[in-house]
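Enquirer: Below is the structure I would like to discuss, written out as C-alpha cells.
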Amino acid sequence: MESRLFQMDRRSNRYWNAKQPDRLQILKFVDFAPALNRIEAPSGSDKPTRSPASCSTSFQQPPLFIDQSILMKQFSTFFLLILSCFVGFASADWKDDIGFTRLQTELGASTPTGDGVGVSQVEAGSNTNYMPDTTSGQFTGKALVDATGTQGASSFSHATGVANVFFGNTASIAPDVSSIRSYQAIDWLNNQLGSTTGTEPVSHTFSDLAETIPLKVQNHSWVSRPPARDDYDSDAEYDEAVLNAISDSTFISERVDFLVNRDDLLVVGGTDNGSSSPLPYLLAPSYNSLIVGRTDGSHAAGTTSFYGSERYLPHIVASGGVTSTATPMVASTAAMLYEVADGSNADHVETMRAVLMAGATKEEFVTWDRTTTRPLDERYGVGEVNAYNSYQIIATDETDGSSTTPTLVGEYGYDFVETGDQSIDFDTNPMQYQFDVESGFEMDELSIFLSWNINVQNTAVNPGDLNTQVDFTPGTGDLANLDMKLFDASNMLIDESVSTLYNFEHLYLTDLVAGSYRLEVSGDQLVDYGLAWRYSISAIPEPNSFTALAVIGCGLSFPRRRHSSVRGRQTRRNP
C-alpha cells in the first residue's frame, strides 16, 4: 500500500522537492506544553517527577519548528514528541534490575562493553538542536557524527539524557561504544528514509564516516501521537485527518521494515508514557522494530489498528521511570551483546531480537500471561529485558536445528536459519530441537523465542527508488507464518505458539517433569529466522522422614506440580 500523498506525485512522475518553486513554504510552530501536561506520574506517585513548568526549560532554545515545506505534504497530521520532558541519569538500580550487575560480578574484566559496535540516535529536537552535549564527560573519547548536518551551538538536554543511558562512559552498560550517528527525527523520517524523494532509505550500514564500524543499533526516544478531535472544526475534518495519518504511518512503517531487513539494523523505539495514552502512530506499527515500555506498566499498551491489526505492543519493558529512559536501556543491552555476537550468526537482527526476548524475565509481573495465539502479555510484552540471560544465550556456540533428527540443545543457545542456503520445507519437514530433563530433575523454566522479518517488496522500476508494497496474503505474502510446537516423548502436544498476526512466536513454560521434549519450527513459506532459548533445571528434593511417615500413616498424597502456567496460558500435563 502506497502513501496517499506519494500516489498523487508518482502518477505525474514527480516528487516534492525543496527546489520546486510551487512548494508551500510555511513554518508551523509546535507547542509542546499541552503534551507536557499529559505526562503521567510514575506508579505510586500523584505528581509528575517534573512539573510542566520545569519541563518547559528544556526548550529555552527555539522550541520545535517543523518545516512544513516538507511536513505539510508528508506528515501534516503528526506531532513528534519526546518521550519525557527530562531525562537525567538513570538510577544505578536499573543495572541490578536487568541482571547486568550479576553478569559483571561473574565476568569481571571480561564483561562486554559494546566495543567495536556502531550505534545511532534519533531525537525530536529542533532542526538546529537535537544532539547530546558532546562536552560531557560521559562522551569523552567518542565520535558523535552529526548525520543530519544542521546542529547548532547548543545541545539538546533530552538527547544528552538518552545518550547517557545508551552509550555513556559510566551511566550505560555499553561504555565502549565510540562511534555514534545523530539524527533529527524529521530529517530521519523525510530524508534518511527517502520519504520525500521516493528513493530507498540511505545506507545505515556504518556509523563512522570512514565506513569501518558496523551500525547495529538505532534508538528512538520520541513518539508521534494521532490527530486529536479538539484540533479540528468538524467531524469530517477529523475523520479525514485520521485517514491521512493512517496512510502516512503505513507508508513510514513499510520503509522502516524495508530498512531493517536490508541493512540488518536493530531499530529500538519507545511507546508513549501513561497507561491511558494511545499507541504511537509512527515507528511502533512496524513489524521489524523493537518497541519498549516500562516495567511499572505506566505506558501506552494495546493493539495495532492498521498495517497488520490486533498486534499487541510493547514487545519488552525496562525499568526506566519514563520510556525515554527505558528505551535506551534495551538499546544499550543490545549494543553490549553485539560485541559478543560479532562474527557469528547472532549478529543478524532476527537472532538479536530473539536473544533479547528469550532472555526477558517474567517474575516481576504476577499477572503476566500469553496464549497459543498471543505470544506476549497485553501490557508487559515478553517481560523485562535481562542482560545476564541474553548474554548467556549469545555467548554459546550456535546450535543448528535439523529437519530430520532433533538436535539436542543446551541450557542456553540460539540458531539462525538461512533458508536460501538449505533445502528445507517448513511445512512437511519442520526444523527440530530436543530439550532433555534427566530423571530426578525438573525444568523450572523454559523460554523460547522465534523471530523473523517481514519482507517488504520494492516494486520501483528505476534503480535506487523505493515503491513499497506489502502483501499480507497467507502462504504467499510478505509476512511468513511460522509456528512453534513442543511435544513430549510420547508425541503429545505440550504447548504451542501459533499466532497468524506476528513475525514472532514465544513459548514460556514452568515446572516440566523429567523427560525428552521436541520443539518443532514450521511455517507456510521459507524465511530466515532466529531462534533463542534458555532453561533452568533443578534436582527434585527427597522427602524427609517426617513427610514420608505422614503420607504412609495418614494415607495422604501430595502430588508435585508437573507443569504449571501463569494466568491465561494453555496448560497440558504429561500422562
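Enquirer: Condition test on Val340, is it open to solvent by less than 10 Å² (accessible area, probe 1.4 Å) and touching a residue at least 40 places away in the same chain (Cβ under 8 Å)?
Expert: Criteria not met by Val340.
Enquirer: Also, quick follow-up: May I ask you to list the residues in segment 225-271 that are of a type in the set (Val, Ile, Thr) and either in a helix (DSSP H, G or I) or closer than 11 Å to Ser286 by Cβ (or both)? Working first, answer last.
Expert: Here is the first cut: in segment 225-271, the ones of a type in the set (Val, Ile, Thr) are 242, 246, 250, 252, 256, 260, 267-268, 271.
If the condition is that a residue be of a type in the set (Val, Ile, Thr) and either in a helix (DSSP H, G or I) or closer than 11 Å to Ser286 by Cβ (or both), then Val242, Ile246, Thr250, Ile252, Val256, Val260, Val267 are the ones that fit.
Enquirer: Looking for whichever is open to solvent by less than 70 Å² (accessible area, probe 1.4 Å), part of a loop (DSSP other than H, G, I, E, B) and either free of Cβ contacts under 8 Å to residues at least 12 places away in the same chain or not small (Gly, Ala, Ser) (or both) here; the options are Asp483, Asp471. Which one fits?
Expert: On the way: Asp483 fails: part of a loop (DSSP other than H, G, I, E, B).
Criteria check complete, one pass: Asp471.
Enquirer: Identify the residue in segment 377-430 that is modelled with pLDDT of 95 or more and among the aromatic types (Phe, Trp, Tyr) and, among all such residues, is surrounded by the fewest Cβ atoms within 10 Å (Cβ to Cβ).
Expert: Looking at the filtered set, the residue picked out is Tyr388.
Enquirer: Taking segment 381-407, which residues are in contact with a Gly (Cβ under 6 Å, 6 or more places away or on another chain) and assigned to a loop (DSSP other than H, G, I, E, B)?
Expert: Residues satisfying the conditions are Asn386, Thr396, Thr399.
Enquirer: Using beta carbons and a limit of 9 Å, which pairs, at least six apart or on different chains, have the first residue in segment 373-394 and more than 20 Å from Tyr502 (Cα to Cα) and the second one among the acidic types (Asp, Glu) and outside any helix (DSSP H, G or I)?
Expert: Between residues of segment 373-394 that are more than 20 Å from Tyr502 (Cα to Cα) and residues that are among the acidic types (Asp, Glu) and outside any helix (DSSP H, G or I), the close pairs are Gln392/Glu411.
Enquirer: Glu123 - would you say it is open to solvent by 30 Å² or more (accessible area, probe 1.4 Å) and either farther than 14 Å from Gly320 by Cβ or modelled with pLDDT of 95 or more (or both)?
Expert: No, not satisfied.
Enquirer: I would also like to ask the following. Which ones in segment 457-468 are of a type in the set (Val, Ile, Thr) and either open to solvent by 30 Å² or more (accessible area, probe 1.4 Å) or under 30 Å from Trp533 (Cβ atoms) (or both)? Walk me through it before giving the result.
Expert: Going through segment 457-468, the residues of a type in the set (Val, Ile, Thr) turn out to be 459, 461, 468.
Scanning segment 457-468 gives Thr459, Val461.
Enquirer: Name the single residue, out of those in segment 199-229 being buried (at least 21 other Cβ atoms within 10 Å of the Cβ) and among the small types (Gly, Ala, Ser), that is farthest from Ala346 (Cα to Cα).
Expert: Ser224
Enquirer: Looking at (1) surrounded by 23 or more Cβ atoms within 10 Å (Cβ to Cβ); (2) under 22 Å from Met352 (Cα atoms), which is the only condition Asn273 fails?
Expert: (2)
Enquirer: Something else now. I'm trying to understand the selection: among the residues of segment 220-249, which are among the basic types (Lys, Arg) and more than 25 Å from the chain's Cα centre (by Cα)? Before you say what the answer is, go through the steps one by one.
Expert: Let us first name the residues in segment 220-249 that are among the basic types (Lys, Arg), namely 225, 229.
Within segment 220-249, just Arg229 meets the criteria.
Enquirer: Determine the pairs where a residue that is over 14 Å from Val177 (Cα atoms), located within segment 209-224, has a partner that is open to solvent by 50 Å² or more (accessible area, probe 1.4 Å) and among the hydrophobic types (A, V, I, L, M, F, W, C) with Cβ atoms under 8 Å apart, the partner being 6 or more residues away or on another chain.
Expert: Ser224/Phe79
Enquirer: So Tyr238 fits all but one of (1) buried (at least 20 other Cβ atoms within 10 Å of the Cβ); (2) touching a Pro at 6+ places or on another chain (Cβ under 8 Å); (3) of a type in the set (Phe, Trp, Tyr); what number is the exception?
Expert: (1)
Enquirer: Given the options Gly116, Gly108, name the one that is surrounded by fewer than 16 Cβ atoms within 10 Å (Cβ to Cβ), on the phi > 0 side of the Ramachandran plot and modelled with pLDDT of 50 or more.
Expert: Gly108
The values are calculated or read from the model by the stated rules, or taken from the named source; none is laboratory data. For clarity, every value in this text was computed on a predicted model and none was experimentally measured. All Cβ positions, glycine included, derive from the backbone under ideal geometry; neighbour counts span all protein chains shown. The accessibility values were calculated without ligands, DNA or RNA, using every heavy atom of the protein model including side chains. Shrake-Rupley method; radii C 1.70, N 1.55, O 1.52, S 1.80 Å.
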